Amino acid sequence: MVREIKIPSEKPSVREALAYAFGRGKGKKSSVDNDDDDDSKEEDGSSDPDLRLRLEADFDEPAEAWPLEIDGSSWRKLQILGPGNREATLRDLSITCDVTEGHEVLIRGVTIRGRVALNGLGCRLQDCEVMHGIEVSGEGGGLIKSCDIRGRGIGISIRGPLALHDSKVTGCNIGIAIYGVVPVQLQRSSLEACRAAGIVQHCQMQANAGDWVELALELDDSNSIEVLEGPSTDIRVEVGTYPPLNLTDEWPLTPGSHLLEKPRGGKIRIDIDDDALTLSVTEIEAPPEKTSGRKKKWERPQRASGGDREVKAVGPAWAHRELGLTEGHLFSAQDVRAAYRRRAREVHPDKQQRISSVAPAVVDQFHNLTEAYETLLQILDPDAACASISSTQAANRRPSQHATERTAKRHRGKK
């Protein structure tokens, strides 16, 4: 038994009518006309197996009811029917219905001034005008028949099974976009004034020898595709980390082989079988192995600037002892300079206290240090030794007797 409810053009909304029919709403008989007797409602408050909602002419779904979400699990068969000529208006619409449980939701003869989302194979859209495209989830979308579909971006976005019959998709950037390998059937339908592409499909396959994928798009000669700019069909197959395989304006696909190459080596061959639907991996050439294994960590060069070079310890042993260098070790001119500066800070006469009593020994020790430095530098870096020796002699010449006395007097005054 089919229970039928008429919804007037003023009030209530489709949502309120469904709630009333299910026994949970607060609808009144003055606004929702029930053609059946109240006894048709089951005593436990559940809805009838079949329900039909008739929309009167000029019906416009109230804004507070947007979006309209319909769950078809409450009825075996739910129909929302317009008056004809698509004079009744709905807005954003979402339908969920699983056909495996024997349920079905049919929307017919209305104008939908929004976007439609179909979730399940029990969804039916017939003789409708959709202004902002259709989205089909991974659960599928059932059947779209005799509909006019418009949209700014994508007309129909498909992620699950769908049948499109006797329909027209107009004025979209992309008429139909298919994601993955899903069954899609087009019969006696047209894609008109598509600005970028008619049908675009994105799918993936593994980059292993023997792997294959079979496209499930049914597109025969009863359909027409009109594109303003771009390909009528664009099939993009991503194969692992290789560049994608793009097949444009080929439907049915042309049997043959396609070679994909990586920029740094490695090739894979994809064959299209004679059925023009099956793509398989037939040959793989691995990229060349790297000659070096783990990348070596960069280390700062040990060679010093200015022509310094490492050599084995040379020169007299006393010079090594004066500078504090270990005999038998490698050192450079830069090491000699560093050792000289370090020792000079320790033995320079100006750094010593009580210079009156130790000044002669301190001055001799400092000049021995300078002589050791000049001797080793002359051996390690002859070019730089001349300039260094002359500057050292000018800056560190032996202090005069008067300078020594003045320094001693200054230290005595500090006591």
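The values are calculated or read from the model by the stated rules, or taken from the named source; none is laboratory data. Everything numeric here is computed off the predicted structure, so don't read it as measured data. Reconstructed Cβ throughout: ideal geometry from the backbone, glycine too, with neighbour counts over all protein chains shown. Only protein heavy atoms, including side chains, enter the accessible area calculation; ligands, DNA and RNA are left aside. Shrake-Rupley method; radii C 1.70, N 1.55, O 1.52, S 1.80 Å.
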All positions within region 132-155 that are under 24 Å from the mean Cα position of the chain (by Cα) and more than 18 Å from Gly122 (Cβ to Cβ): Gly153, Ile154
Return the total of residues in region 217-240 being closer than 28 Å to Arg152 by Cβ and either part of a loop (DSSP other than H, G, I, E, B) or among the aliphatic types (A, V, I, L, M) (or both). 13
With (1) surrounded by fewer than 20 Cβ atoms within 10 Å (Cβ to Cβ); (2) aliphatic (A, V, I, L, M); (3) touching a residue at least 24 places away in the same chain (Cβ under 8 Å) as the list, and Met131 as the residue in question, which single condition is left unmet? (3)
Counting just the residues of region 331-376 that are on the phi < 0 side of the Ramachandran plot and not in a helix (DSSP H, G or I), which one comes out modelled with the lowest pLDDT? Gln353
Residue count, region 138-183, condition of a type in the set (Gly, Ala, Ser) and within 17 Å of Gly114 (Cβ to Cβ), comes to 6
Just to be sure, is Ser157 modelled with pLDDT of 90 or more, assigned to a strand (DSSP E or B), more than 23 Å from Ala197 (Cβ to Cβ) and not aliphatic (A, V, I, L, M)? no
Which residues, counting only those in region 216-228, are open to solvent by less than 30 Å² (accessible area, probe 1.4 Å) and in contact with a Ser or Thr (Cβ under 8 Å, 6 or more places away or on another chain)? Asn223
For region 234-243, enumerate the residues that are more than 28 Å from Val169 (Cβ to Cβ), surrounded by fewer than 16 Cβ atoms within 10 Å (Cβ to Cβ) and at pLDDT 90 or above. Pro243
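To keep it simple, each residue is scored yes or no on (1) at pLDDT below 90; (2) open to solvent by 60 Å² or more (accessible area, probe 1.4 Å).
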position: Arg152; (1), (2): yes, yes
position: Ile178; (1), (2): no, no
position: Val182; (1), (2): no, no
position: Asp211; (1), (2): no, no
position: Glu214; (1), (2): no, yes
position: Ser232; (1), (2): no, no
position: Leu245; (1), (2): no, no
Residue check, Glu101 modelled with pLDDT of 95 or more and of a type in the set (D, E, K, R): no
Applying the selection to region 184-209, what residues are in a strand (DSSP E or B) and either out of contact with any strand residue (DSSP E or B) (no Cβ under 9 Å at 6 or more places or on another chain) or surrounded by fewer than 16 Cβ atoms within 10 Å (Cβ to Cβ) (or both)? Gln187, Ala193, His202, Gln204
Here are Pro243, Pro263, Pro252: which of them is in a loop (DSSP other than H, G, I, E, B), closer than 21 Å to Ala177 by Cα, within 26 Å of the chain's Cα centre (by Cα) and not aromatic (Phe, Trp, Tyr)? Pro243
